[in-house]
Amino acid sequence: MATFDYELFVIGGGSGGVRAARVAAQTGAKVGLAEESRMGGTCVIRGCVPKKLMVFASEFSDMFEDAQSYGWDLDVGTFNWSKFRPKLHAELDRLEGIYRSILSNNDVAIHDARATLKNPHTVSLSDGTEVTAKHILIATGCYPVVPGTPGAEHGISSNELFLLDEFPKKMLIVGGGYIASEFAGIMNGLGVEVDQFYRGEQILRGFDDEARTIVAEDMVKRGVNLRLGVNVEELQKRDGGVWVKDTEGGEQLYDQVLFATGRRANTDGLGLEQVGVEIGSKGEVVVDEYSQTSVPSIYAIGDVTNRVQLTPVAIREGMAFVETVFHGNPTPVDHELIPSAVFTQPEFGTIGLTEEQAAAQEPIEVYSTSFKPMHHAFAGREDRVLMKLIVSKATRVVLGCHIVADHAGEMIQLAGIVVKLGATKEQFDQTCAVHPTMAEELVTMKEPTRTT
Ligand code: FAD
């Protein structure tokens, strides 16, 4: 029988890779992991964590305004990036340290190097060494894609945003997905003049139409200059900024242009094709329900497989992989009914089918209420809240739940449990309301707003 240096070698120290390495090592297996950049990956270093800290920072502008409406005398200043940035990076350094200790405390051998595949059981490392492993796990994530627009190299991606030396006064954000829309809210909240261009009809494509319309309208009320059906045509470096010509012929000078126009699997140059691993049309690693690739000793999890690109999903895929391979208990990954949040301002939480998807599938009842909540009404804010349930007429099961409100992410985590359990509308209604809250509407909507 062949002997290997490791039972498992993980390529990529992000959310999925670190979790899989740790839990595999806890079974007593000898595990190694290669990370070419910083431990923690996208989520910790250049994604969820720094973004959410910037969301927190940006929310103070509304809070300061509201505080004054609630009777506070305040002398409000402006956001100071040079104060915030070192604190942000100190926190990311701290978290990176925790990720490293999680691995070393569990006897995972860390290789600070880029890894490529040599054959189905051998990995070459950029420090010149080679290691062999019984199983290899690809967890290399994605990278941001910048379009081929002339002069696009003068823009930045979300990776660079957290590292800016100078904080912009005026910024263009290109894209309409959740990352673009979140950054539009963040930068607007921090006092930046923000234009957002999206070439489509409405931002947040794929989410519930009613919900994304409310999010977009409220973003505009808060000051984001959202221009739909518009794209960048050309960029030039000029006068210390970036000159942009748009597809409607307009011209503007910005301090920064952020492209949040999609992400692509990190598979280039990994050697996957040479060893026979099937790659999909978007560069993703093709896997089966157990995350196994077309080469039996090689598995892949997380963003690189382009299934559902979220941190908790990458983690669950890592856990299911270990359960399958190291506990001998074949465990497919459950990708059904995943709750998620978009940290736009207003925040948006969602699970299950959109109204449009459900209506295309079967007859439904829609329970939807949009209102000005108590907190905002008193503060004189215009933002509305949306509480929405999509119900199957045949089974009464709640097929989807969509919430636009402050803390919608927290709410959807809890509502998500109920929807995942397959609760019916009547079971929602059996639950007593918590008053006065916004979420009580989820259990008090008596008549359908629409039926199909
Ligand atoms: P990653 O975390 O990307 O880790 C991959 C790692 O592999 C990287 O560290 C990389 O350096 C390393 N690597 C790549 N190639 C090699 C190689 N050849 N050798 C060695 N190392 C290599 N998700 C949420 O759930 N909630 C959010 O709010 C959220 N916000 C986000 C905000 C932004 C701006 C971005 C960009 C993403 C966000 N995400 C969010 C998505 C989330 O970050 C990813 O889904 C998650 O990080 C995927 O984990 P992963 O392990 O698949 O890959």
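Computed values, structure above
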{"quantity": "Exclusive hit being open to solvent by 10 Å² or more (accessible area, probe 1.4 Å) and free of Cβ contacts under 8 Å to residues at least 40 places away in the same chain, set 210, 233, 251", "calculated": "251"}
{"quantity": "All positions within segment 16-33 that are in a helix (DSSP H, G or I) and more than 6 Å from the ligand (Cβ to nearest atom)", "calculated": "18, 19, 20, 21, 22, 23, 24, 25"}
{"quantity": "Selected residue (criterion: nearest to the chain's Cα centre (by Cα)) from residues of segment 326-343 that are among the β-branched types (Val, Ile, Thr) and near the ligand (Cβ under 10 Å from one of its atoms)", "calculated": "342"}
{"quantity": "Pairs where the first residue, in segment 298-314, is touching a residue at least 40 places away in the same chain (Cβ under 8 Å) and the second is open to solvent by 40 Å² or more (accessible area, probe 1.4 Å) and within 6 Å of the ligand (Cβ to nearest atom), C-beta under 7 Å, 6+ apart", "calculated": "303/309; 304/266; 311/48"}
{"quantity": "Looking only at segment 34-59, and only at residues there that are hydrophobic (A, V, I, L, M, F, W, C) and within 6 Å of the ligand (Cβ to nearest atom), the one that is nearest to residue 103 (Cα to Cα)", "calculated": "34"}
{"quantity": "Hey, residue 13 on the phi > 0 side of the Ramachandran plot, within 16 Å of the ligand (Cβ to nearest atom) and touching a residue at least 40 places away in the same chain (Cβ under 8 Å) or not", "calculated": "no"}
{"quantity": "Subset tally (residues that are open to solvent by 40 Å² or more (accessible area, probe 1.4 Å) and either away from the ligand (no atom under 16 Å from the Cβ) or hydroxyl-bearing (Ser, Thr, Tyr) (or both)) for segment 307-325", "calculated": "1"}
{"quantity": "Counted residues, segment 355-385 - those being surrounded by 14 or more Cβ atoms within 10 Å (Cβ to Cβ) and of a type in the set (A, V, I, L, M)", "calculated": "6"}
{"quantity": "Residue list for segment 99-132, restricted to those being in contact (Cβ under 8 Å) with a residue 40 or more places away in the chain and acidic (Asp, Glu)", "calculated": "107, 112"}
{"quantity": "Output for segment 39-87, where each listed residue is polar (S, T, N, Q) and more than 23 Å from residue 342 (Cα to Cα)", "calculated": "68, 69, 78, 80, 82"}
{"quantity": "Failed criterion for residue 324 (all others in (1) touching a Phe, Trp or Tyr at 6+ places or on another chain (Cβ under 6 Å); (2) under 21 Å from residue 395 (Cβ atoms) hold)", "calculated": "(2)"}
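The values are calculated or read from the model by the stated rules, or taken from the named source; none is laboratory data. Here the structure is a predicted model, which is why all the values come from computation and not from measurement. Positions of Cβ are backbone-derived with ideal geometry, glycine not excepted, and every protein chain shown enters the neighbour counts. The protein model used for the area step is the full one, side chains on, heavy atoms only, and it has no ligands, DNA or RNA in it. Shrake-Rupley method; radii C 1.70, N 1.55, O 1.52, S 1.80 Å.
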